[in-house]
Every structure is written in structure tokens, then in C-alpha cells.
Amino acid sequence: MKENWERTELPLELNLEELNHIAGPAFQGRTITSAQRIGVGLSNSNYKIQVEGDGRPYVLRFFRRGEDIAGKEIALTRLVRERVPVAEFVHADTSCSRYPKPWAVLEWKPGVLLSDIFRNGNQGEKASAAAAVGRTLAHIHGFPFEASGFFGSDLKVTEPFNMSGERFVAFMEELIFHSPCKAWLGEELTQQLWAFCKRYGPLLSASQERPVLAHSDYNGLNLLLEKGSEGYFVSAVLDWEEAFAWNRHADLGNMLRYEANGSWIEQHFMKAYEEEGMVLEKNWRLLSRLEDLVALCDMLSHSTAETPNRVNDLCRLIAGTVRAGEN
């Protein structure tokens, strides 16, 4: 689940003096006394920090991209926080006056990553965690939008578009044959993938899905859970920088990317999702795999010889998607 992927951009390495210079305004002159770089994310850099005279830890986050992304995350947190558990922003600076990247201080949320539960938990713990994240995803998808597309910092769709079957096939043709994808996939898998896209891509035009809030990176590395008296519950959904207005299948495909059709985890995740009132199309699984193929191939197209683990995992996932469609 991406744990062994190489980063395409090195994480920031900042010492206490530098962190205090940057984030001093957030704490009104109090000193950051300790900082530990945290997280398994592949883009942003995060530090768990302690502040003089404050027993609570915080997260100091440096955004990989610019002001619009930081502003969008802050706006999304405000939008969903009554229905979806998130880490609240304590302070944010998008001016880049004290550091070349936007940064923010967020509350520290306790919990264990879903990926750790899936790797180390027993069957009951996995089922409970899968159900918890299924319910939470249904709550995220409860925010409708008028159009599909990317958000500005005010959560208005600034670049509206949708993924019809025709657009999907054209986009995948560009990715498969006019990017490094073909070289990584090899000739045989390339042709199998292209046949799969031409065969099933037109189904996207028949889908009746309406645009909703899509997290777009909803997986075990961005979901924190705690255990209560009735099992696991989600304590925070992290990293909203890729969120946009889209259909539900993108998140379903991302979440179930590493799961075989009908797996134990899929069963409990989807049961909880549907119990929240989510009605699915009959071919939701195939539509979700089509949506996820766009993400997989796009990531593969941006891979390099310095990211062999990432390349191997993506090729394996793409091959698995093609084989699943043939069965």
C-alpha cells in the first residue's frame, strides 16, 4: 500500500532553529522545543512538534504545492468538520514570506493508520476498521456539487470537466502510448490494457453518477483510527490536497485498489458504506477500476528509474485490473 514507494521529491530537513524562525508567529513567541519528522506521505513534509508551556503536540505541515492548495485544504476542513473527523488548522501562512512554501500548524490527532491495522490486525479488527472507513467515506460523499472538476481555494469548481467514455479512451491512449507508461508496462501488458480500455471505457458514459466531494487519496495511509467500546472509529481523514468534485467511484477504486473482488475487507467496507444510504450502480466495481486506472497510469507516467518499487507496484496493480476485467 505505497509503504515501500520511493518519494519523487525529497522531504524537508529543517532544524529547530529554522522551524522556530518559520513558525514563530503561530505560537506568539513561545519556542518549539522538539520536532520529529513524521508520516509516510509521498509529497508534503510534516513534523510533530512540542511547544514551550503547552502539553499538547501539534503538526507543522509544509505544503509541496502553492497557496491555492493550502487554501483549498483549509476550506475543505471547514466544510466537512461537522460530519467528517479532520485535523483542525490552528494557524496557516500562505504568504511564503518566511519560507518559500506555504505552511500550517494543525492539531495532533491520536490514532493508528488503517494500513497498520490491515497489516497487523486480526480478522475482527480488520473488519471493524474497514466498516469504520466505509461509513466515513459515505459521509464525505454526502457533499454534492453542481459540476465535476477541480476546486479553487473557495471550493468553487474552476476547471469543470467530466470523464465520459470517449474522454476516458482518449486520455488513456495519450497516457499509454505517449508517455513512459508503455516502456514500463512492456508490449504485451500495454496491448492488454489498451484493449481493456476500449472495451469497457464506454460504460463511463452510461453512468448516472452525480458529482460529490471526492477525497481522491482515500486509503490506508491517510486514515487514522482509534478503538472504542464498539470497535474502531475514524479519528481523522488526512491530506485533502487532491480532493475535487467528482463521482464516488474514484474513492472506491482508490480504497479497494489492493483488494481482490469480494475480499473480506471489501465486504465489510462496502456493507457499511451502503448502510449509510449509499445506493450503488450494479457495475460499480468495474466503474471504480476504470476510474482508478486513470490514477495508476498517471502515476506510472511520472515514474522514473529511481523509483523501481513504485514502478513494480503500479505495473502489478494495472495487470491485476486487466485480469479482473477478463474474469
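The values are calculated or read from the model by the stated rules, or taken from the named source; none is laboratory data. Just so it is clear, the structure is predicted and the values come from calculations on it, not from any experiment. Backbone-built Cβ (ideal geometry, glycine too); neighbour counts: all protein chains shown. Ligands, DNA and RNA are stripped out before the accessible areas are found, and what is left, the full protein with its side chains, is counted by its heavy atoms. Shrake-Rupley method; radii C 1.70, N 1.55, O 1.52, S 1.80 Å.
Pairwise Cα distances in segment 71-228 exceed 20 Å for 67 percent of all pairs. For the pair Arg199 and Glu166, label points projected 7 Å from Cα toward Cβ lie 2.4 nm apart. A Cβ-based charge dipole, computed about the Cα centre of the chain with Lys and Arg at +1 and Asp and Glu at -1, lands at about 300 debye. Gain on full extension, evaluated as 0.36 nm per residue between Arg37 and Glu173 minus their Cα-Cα distance, stands at 45.0 nm. When all alpha carbon pairs of segment 241-297 are counted in 5 Å bins from zero, the resulting P(r) reads 4, 18, 29, 28, 15, 6, 0 %.
The residues of the chain present an accessible area of 47 Å² per residue when probed at 1.4 Å with all protein chains retained.
Note on segment 275-327: percent of Cα-Cα distances in each 5 Å bin, starting at 0 and stopping at the bin with the largest distance, equals 4, 18, 23, 19, 13, 10, 7, 4, 1. Between rounded, prolate and oblate, where does segment 141-271 land on the alpha carbon gyration tensor, with a ≥ b ≥ c its root eigenvalues, rounded for a/c under 1.5, else prolate if a/b exceeds b/c? Since a/c reaches 1.5 but b/c is at least a/b, the shape of segment 141-271 is classed as oblate. Among Ser148, Ser288, Ser207, the largest mean-square fluctuation in a Gaussian network model of the chain (Cα springs under 10 Å) belongs to Ser207.
Determine, for each peptide in 133-140, 305-312, the mean count of other beta carbons within 10 angstrom over its residues, then list the peptides with the highest first. Please report the intermediate quantities before stating the final value.
Details: 133-140: 22.2, 305-312: 15.0.
Peptide ranking by packing, descending: 133-140, 305-312.
Convex hull volume of the Cα atoms of segment 23-105, normalised per residue: 107 Å³. Computed about its Cα centre, the charge dipole of segment 221-298 is approximately 280 debye, with only Lys, Arg, Asp and Glu carrying charge at their Cβ. At an R0 of 41 angstrom, the distance between the Cβ atoms of Ser263 and Lys156 translates into a FRET efficiency of 0.60. Per residue, the convex hull spanned by the Cα atoms of segment 114-197 measures out at 194 cubic angstrom. Give me the percent of the accessible area of segment 251-326 that comes from carbon and sulfur atoms, probe 1.4 Å, all protein chains in place. The value for segment 251-326 is 51 percent carbon and sulfur by accessible area. Pairs over the 30 Å Cα-Cα cut-off, from the set Lys156/Lys182; Lys101/Lys126; Lys109/Lys271: Lys156/Lys182; Lys101/Lys126. Subtracting the Cα-Cα distance of Gln191 and His302 from 0.36 nm times their residue separation leaves 38.0 nm of extension gain. For the peptides 103-109, 15-21, residues were scored by their other Cβ atoms within 10 Å and the scores averaged per peptide; the highest-first order is 103-109, 15-21. Accessible area of Glu276 (1.4 Å probe, protein heavy atoms only, ligands and nucleic acids ignored): about 80 Å².
Each label was represented as a point 7 Å from its Cα along the Cα-to-Cβ direction; for Ala319 and Arg78 these points are 4.8 nm apart.
Label-to-label distance, Asn309 versus Glu13, with points set 7 angstrom from Cα along the beta-carbon direction: 1.8 nm.
With the cut-off at 1.5 for a/c, could you classify segment 204-320 from its C-alpha gyration tensor as rounded, prolate or oblate? It is oblate, given that a/c is not under 1.5 and a/b is not larger than b/c. Of the residues Leu19, Gly53, His141, the one whose Cα sits farthest towards the positive end of the charge dipole of the chain is His141 (charges of +1 on Lys and Arg Cβ, -1 on Asp and Glu Cβ, taken about the Cα centre). Roughly to the nearest percent, how much of the accessible area of segment 99-250 is carbon and sulfur, given a 1.4 Å probe? C and S atoms contribute 50 percent here.
In loop segments of segment 175-281 as defined by DSSP, there are no trypsin sites (Lys or Arg not before Pro) with at most 12 further C-beta atoms inside 10 Å of their C-beta.
Based on the reciprocal of the average 1/r between different C-alpha atoms, the Kirkwood radius for the chain equals 21.0 Å. Determine, from the Cβ-Cβ distance of Glu230 and Glu88 and an R0 of 25 Å, the FRET efficiency 1/(1 + (r/R0)^6), rounded to the nearest 0.05. It comes to 0.50.
Would you compute, from DSSP H runs of 4+ residues alone, the mean residue ellipticity of the chain at 222 nm, taking -39500 (n - 2.57) per run and dividing by the full residue count, rounded to the nearest 500?
-13000 deg cm²/dmol
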